[in-house]
Amino acid sequence: MRDDLGGAVRPCPSTGGPAGAGQCSARPAASDPVSVPGSAAGPGCGVPARPRRAGAWTAELAGQPVGHVCRTGGARHFDTAALLDQVCARAHACQPAELAWVSGLFVATEARGLGIGRLLLAAVVDDIRAAGRHPCLEVLPVHPGAMSLYLASGWRVVHRFRPDWLREAAGEEGPDVHVMVLPAEEHG
């Protein structure tokens with residue numbers, strides 16, 4: 001997938017890309033939010049292959065990696081996973097086994113505002129739908145760029161919760177994690 005700025009999104013070789021092409025070269029900056037700790041992919045998607053990661057894509061601009069996204073399936077092992085699967089399955093009118101989670105979406109600071117996040121999101125949503133699954137994600141609203149992208153792409157919030165790790169880090173006044181789904185008629 002390419003855009004008119006010369007950006008490209010390609011599958012990471014470690015998750016089904018061209019054989020022998022090496023590992024995914026994208027790396028988030030220390031300040032880039034990658035995923036909600038304790039969520040589908042755990043703290044940070046981790047660009048090297050992870051057992052629950054079902055797919056991953058890298059965005060490049062002028063030949064340099066500037067973004068990344070993962071798709072995870074089930075087998076999420078944290079306290080609220082079953083509840084979140086039920087909430088999303090209800091919203092999608094499907095079974096929990098039919099869900100897939102967008103995880104580890106990041107765009108380098110210098111590439112934000114160029115449509116890279118939109119390209120990455122479209123790539124992962126297309127893959128989720130091609131696999132016959134229904135897209136879900138978790139996001140903290142303290143990342144306004146991510147929230148704006150998801151809402152503008154048709155995602156809707158179906159649940160909010162504050163896990164223990166977030167309560168411990170941010171206290172009772174901290175933000176809630178927003179759980180979102182992308183309805184079938186929306187592209188992402």
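The values are calculated or read from the model by the stated rules, or taken from the named source; none is laboratory data. Please read all numbers here as calculations on a predicted model, not as lab measurements. FYI the Cβ positions are ideal-geometry reconstructions off the backbone, even for glycines, and counts take in every protein chain you see.
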Would you please name the residue that is nearest to Asp176 (Cα to Cα), looking only at residues in the range 99-141 that are touching a strand residue (DSSP E or B) at 6+ places or on another chain (Cβ under 6 Å) and among the charged types (D, E, K, R)? Glu138
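Here are some residues: Asp164, Asp176. Which one is touching a Pro at 6+ places or on another chain (Cβ under 8 Å), of a type outside the set (Ser, Thr, Tyr) and over 28 Å from Glu60 (Cα atoms)?
Working: Asp164 fails: touching a Pro at 6+ places or on another chain (Cβ under 8 Å).
From the options Asp164, Asp176, the qualifying one is Asp176.
So is Val124 under 30 Å from Gln64 (Cβ atoms), hydrophobic (A, V, I, L, M, F, W, C), part of a helix (DSSP H, G or I) and within 16 Å of the chain's Cα centre (by Cα) or not? Spell out the reasoning first.
Numbers: under 30 Å from Gln64 (Cβ atoms): yes; hydrophobic (A, V, I, L, M, F, W, C): yes; part of a helix (DSSP H, G or I): yes; within 16 Å of the chain's Cα centre (by Cα): yes.
Against the criterion (under 30 Å from Gln64 (Cβ atoms), hydrophobic (A, V, I, L, M, F, W, C), part of a helix (DSSP H, G or I) and within 16 Å of the chain's Cα centre (by Cα)), Val124 qualifies.
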Mind counting the residues in the range 127-166 that are loosely packed, with under 13 Cβ neighbours inside 10 Å and either among the charged types (D, E, K, R) or outside any helix (DSSP H, G or I) (or both)? 4
Determine which single condition Phe78 fails, assuming it passes every other condition in (1) surrounded by fewer than 19 Cβ atoms within 10 Å (Cβ to Cβ); (2) touching a Pro at 6+ places or on another chain (Cβ under 9 Å); (3) in contact (Cβ under 8 Å) with a residue 24 or more places away in the chain; (4) not in a loop (DSSP other than H, G, I, E, B). (4)
What residue, of Gly117, Gly113, Gly67, is of a type outside the set (A, V, I, L, M), part of a loop (DSSP other than H, G, I, E, B), at pLDDT 65 or above and within 21 Å of Leu149 (Cβ to Cβ)? Gly113
